[in-house]
Amino acid sequence: MDDSRFWAMIESAWHAVGGKTKVRQNLAVGKVSEEKAEELLESLEEVIPALRENLSQLSAPDLLAFDRILERKLYDIDRAEIQERTDGSDDGFLYARGFIVAAGKGYYDAVNAKPSVALMNLECEEMCYLSLHIHEEKFGEVPQSGISRESCTNKVGWPDFA
């Protein structure tokens, strides 16, 4: 499991709803209507189960590697400048970051580079712990990695709290 395969698995899950490629591209450049953003959010009701199915087929090492990549992605965008654009609460911000990852590499990279493209009220709680829960169900407890996906734990992203 590497970064490319991580994003390919998420992209593959989007095929359950036809990809929604154009809308997700528009999301990444900050040119999506609230209505279209809401459609993407609703699409996750099919995308996440498709991703769950794909992740369930992975070996323990690959599933753990997917979870480590997910954890790192969530950690890297745990930044005050992104939180200002998405949601105020700790849990809400975690779930907003879950949506950012679930929407795919294009949106993730766009928000990471230019937080102003992030939108309010788009959350995907299930994405935040999906691979962790599958690993626990199939293979048992996941060892600690030393980083956290929880909000406000990336000291670089929250210099006022460090």
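Residues that are in a helix (DSSP H, G or I), of a type outside the set (Val, Ile, Thr), surrounded by fewer than 24 Cβ atoms within 10 Å (Cβ to Cβ) and more than 11 Å from the chain's Cα centre (by Cα) within region 110-132 comprise ALA110, ASN112, ALA113, PRO115, SER116, LEU132, listed in sequence order. Residue pairs, Cβ under 6 Å, 6 or more apart or interchain, first in region 10-33 and surrounded by 15 or more Cβ atoms within 10 Å (Cβ to Cβ), second at pLDDT below 95 and not in a helix (DSSP H, G or I). List them. Going by the 6 Å Cβ cut-off, the qualifying pairs are ASN26/VAL32. Comparison of ARG5, ARG97 shows that the only residue that is surrounded by fewer than 16 Cβ atoms within 10 Å (Cβ to Cβ), in a helix (DSSP H, G or I) and not hydroxyl-bearing (Ser, Thr, Tyr) is ARG5.
Please work out if LEU70 is closer than 25 Å to GLN25 by Cβ, in a helix (DSSP H, G or I), at pLDDT below 95 and aliphatic (A, V, I, L, M). So LEU70 fails the test. I'd like to know if region 125-135 contains one or more residues that are more than 20 Å from ILE69 (Cβ to Cβ) and charged (D, E, K, R). No, because not a single residue in region 125-135 is more than 20 Å from ILE69 (Cβ to Cβ) and charged (D, E, K, R).
Looking at (1) over 12 Å from the mean Cα position of the chain (by Cα); (2) modelled with pLDDT of 95 or more, which is the only condition LYS31 fails? Only one criterion is unmet by LYS31, namely (2).
Only one of the numbered conditions (1) among the aliphatic types (A, V, I, L, M); (2) over 21 Å from VAL29 (Cβ atoms); (3) out of contact with any Ser or Thr (no Cβ under 6 Å at 6 or more places or on another chain) is violated by LEU119, and that is (2). The set of residues from region 34-74 being crowded, with 20+ Cβ neighbours inside 10 Å and within 14 Å of ASN112 (Cβ to Cβ) comprises LYS73, LEU74.
Here is a yes/no grid of residues against (1) in a helix (DSSP H, G or I); (2) in contact (Cβ under 8 Å) with a residue 60 or more places away in the chain; (3) within 25 Å of GLY30 (Cβ to Cβ); (4) not hydrophobic (A, V, I, L, M, F, W, C):
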{"site": "VAL47", "(1), (2), (3), (4)": "yes, no, yes, no"}
{"site": "ASP78", "(1), (2), (3), (4)": "no, yes, yes, yes"}
{"site": "ILE134", "(1), (2), (3), (4)": "yes, yes, no, no"}
{"site": "VAL142", "(1), (2), (3), (4)": "no, yes, no, no"}
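Of the candidates THR86, THR21, the single residue that is under 30 Å from ASP160 (Cα atoms) and modelled with pLDDT under 95 is THR86.
The values are calculated or read from the model by the stated rules, or taken from the named source; none is laboratory data. What you are looking at is a predicted structure, and each value in this text was computed from that prediction instead of being measured. Neighbour counts run over all protein chains shown; Cβ positions are idealised from the backbone, glycine included.
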